[in-house]
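K.L.:
Take a look at the following structure, please.
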Amino acid sequence: MSDPVIYLDHAATAPIDPRVRAAMDESLAAAPGNPSSGHPGGRAARERIEAARAEVAALIGAPAAAIVFTSGATEADNLAILGAARANAARGRHLVSLRTEHRAVLDPLARLAREGFRVTLLTPAADGLIDPAALERALEPGTTLVSVMLVNNEIGVVQDLAAIAAACRRAGALLHVDAAQAAGRVPFEVGALDADLVSLAAHKVHGPVGVGALYVRRAPRPALEPLAYGGGQEGGLRPGTLAAHQIVGMGRAYALARAALHEEPARLAGLRDRLWAALAPLPDVHLNGHPEARAPHILSVSFGGVDGEALRCELPQLAVSSGSACASGHGEPSYVLRALGRDDALAQATLRFSVGRQTTVADVDAAAVGVRRALERLRALAPA
Ligand SMILES: *Cc1c(COP(=O)(O)O)cnc(C)c1O
């Protein structure tokens, strides 16, 4: 499922960086071989894959050997959750996560519940943060896996994973972290995070779609059952011929994100804060998520007294992802916002702004003017 996104970037998904595209083109032209083959083209592709693995690992402070390439964060989440739950089922069949997780976490958990696992889904506080003590109280001797995302994709809150990881250690449970929205935006190292499994995506940081990775801790190594069986690639955890050009693209995107890690998050936070400063004085406007514990690139705002569908349709200058496009007719209020206690009307009248590498101050200012005018128009038409 695509994230409900209104981008200030110039496309509906974090647009691929031209340098990433160039690296992928170069890889296809220079090393088109099957990386599993012994031919020179295969060897060249293999070398590029290993260089990309080192770049992906470097962004999160991991050893390259801990990175398993997948088709995206959805597959990484599925491999982590289905794989760890099934491989550790003899030790226990209880799993813990949050109601506000991505569908790529909730849906495999629902699948496991149908296989006889017990799943506890906790509700965070209204600000989106889970109290680590509340999470610890949910852990039982038979809890084998806890899954908590680092950055929420809808509202951007950053969970206190150090405290959550400590609780998992005390209970002997594995910790999986969906960090698809965190990589390149919120600096973190897997060592400090103390997570056993971490899911990553390329396209959330201006890389290609269709490629991601799962970090799998080396020592102690969590037991994982693969989702597929085949040629033994990626340590048998993700067999199949590797998509070398996609992986090269992810490596380049992560290298670019790492090179900019000391300036770009602060710049994005400045844009986000500028946008909020322009919207906050408007009547009946509500920030979603904790005001400080937030990733720099996401701003979620609910607007009272307007219909969300109509509001999105009034803002054609903002690219809107298919999940929430006005033309698509999906008016369903977000389950994340409802879990945090927003009523249906406010949850439905919510815009999720996302700023990226190409977003400028002028883009933010134009977006704020557009939203203000749209609100005035709609509220004049249908006074609350
Ligand atoms: C985008 C996203 C995913 C899914 O990633 P894909 O690479 O598109 O499969 C999973 N989790 C979170 C938090 C995301 O933002």
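K.L.:
R170 versus (1) surrounded by 20 or more Cβ atoms within 10 Å (Cβ to Cβ); (2) outside any strand (DSSP E or B): which is the lone unmet condition?
P.N.:
Single failed check for R170: (1).
K.L.:
Filter region 111-126 down to the residues that are open to solvent by 40 Å² or more (accessible area, probe 1.4 Å) and part of a helix (DSSP H, G or I), then identify the one that is farthest from the ligand (Cβ to nearest atom).
P.N.:
Among those that are open to solvent by 40 Å² or more (accessible area, probe 1.4 Å) and part of a helix (DSSP H, G or I), it is R114.
K.L.:
Can you name every residue in region 135-149 that is in a helix (DSSP H, G or I) and either open to solvent by 20 Å² or more (accessible area, probe 1.4 Å) or within 16 Å of the ligand (Cβ to nearest atom) (or both)?
P.N.:
Restricting attention to region 135-149, the residues satisfying the condition of being in a helix (DSSP H, G or I) are 135-138.
If the condition is that a residue be in a helix (DSSP H, G or I) and either open to solvent by 20 Å² or more (accessible area, probe 1.4 Å) or within 16 Å of the ligand (Cβ to nearest atom) (or both), then E136, R137 are the ones that fit.
K.L.:
Now for a different question. Pick from region 83-106 the residues that are touching a residue at least 24 places away in the same chain (Cβ under 8 Å) and in a helix (DSSP H, G or I): which of them is farthest from G235 (Cα to Cα)?
P.N.:
Checking each candidate, the answer is R103.
K.L.:
Which of the following residues is modelled with pLDDT of 95 or more, under 18 Å from A183 (Cβ atoms) and in contact with a Ser or Thr (Cβ under 8 Å, 6 or more places away or on another chain): E101, E154?
P.N.:
E101
K.L.:
Checking A162 against (1) surrounded by fewer than 18 Cβ atoms within 10 Å (Cβ to Cβ); (2) within 16 Å of the ligand (Cβ to nearest atom): exactly one of these is not met. Which one?
P.N.:
Unmet condition: (2).
K.L.:
If you don't mind, there's one more thing I want to ask. Working carefully through the options N152, N78, find the one that is open to solvent by 10 Å² or more (accessible area, probe 1.4 Å) and not β-branched (V, I, T).
P.N.:
N78
K.L.:
Does P63 qualify as being within 16 Å of the ligand (Cβ to nearest atom) and either over 30 Å from L256 (Cα atoms) or open to solvent by 10 Å² or more (accessible area, probe 1.4 Å) (or both)?
P.N.:
no
K.L.:
Among (1) more than 15 Å from L378 (Cα to Cα); (2) of a type outside the set (V, I, T); (3) open to solvent by 40 Å² or more (accessible area, probe 1.4 Å), where does E314 come up short?
P.N.:
(1)
Here's the yes/no breakdown for (1) away from the ligand (no atom under 16 Å from the Cβ); (2) of a type in the set (S, T, Y); (3) in contact (Cβ under 8 Å) with a residue 12 or more places away in the chain; (4) farther than 22 Å from A104 by Cβ:
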position	(1), (2), (3), (4)
L200	no, no, yes, no
G207	no, no, yes, no
G232	yes, no, no, yes
Y254	no, yes, yes, no
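K.L.:
Working carefully through the options L282, L275, L256, find the one that is at pLDDT 95 or above, part of a loop (DSSP other than H, G, I, E, B), out of contact with any Pro (no Cβ under 7 Å at 6 or more places or on another chain) and surrounded by 14 or more Cβ atoms within 10 Å (Cβ to Cβ). Give the derivation first.
P.N.:
Working: L275 fails: part of a loop (DSSP other than H, G, I, E, B); L256 fails: part of a loop (DSSP other than H, G, I, E, B).
From the options L282, L275, L256, the qualifying one is L282.
The values are calculated or read from the model by the stated rules, or taken from the named source; none is laboratory data. Just so it is clear, the structure is predicted and the values come from calculations on it, not from any experiment. Note that each Cβ is placed from the backbone with ideal geometry, even for glycine, and that neighbours are counted across all protein chains shown. We work out accessible area using only protein heavy atoms, side chains counted, and drop any ligands, DNA or RNA first. Shrake-Rupley method; radii C 1.70, N 1.55, O 1.52, S 1.80 Å.
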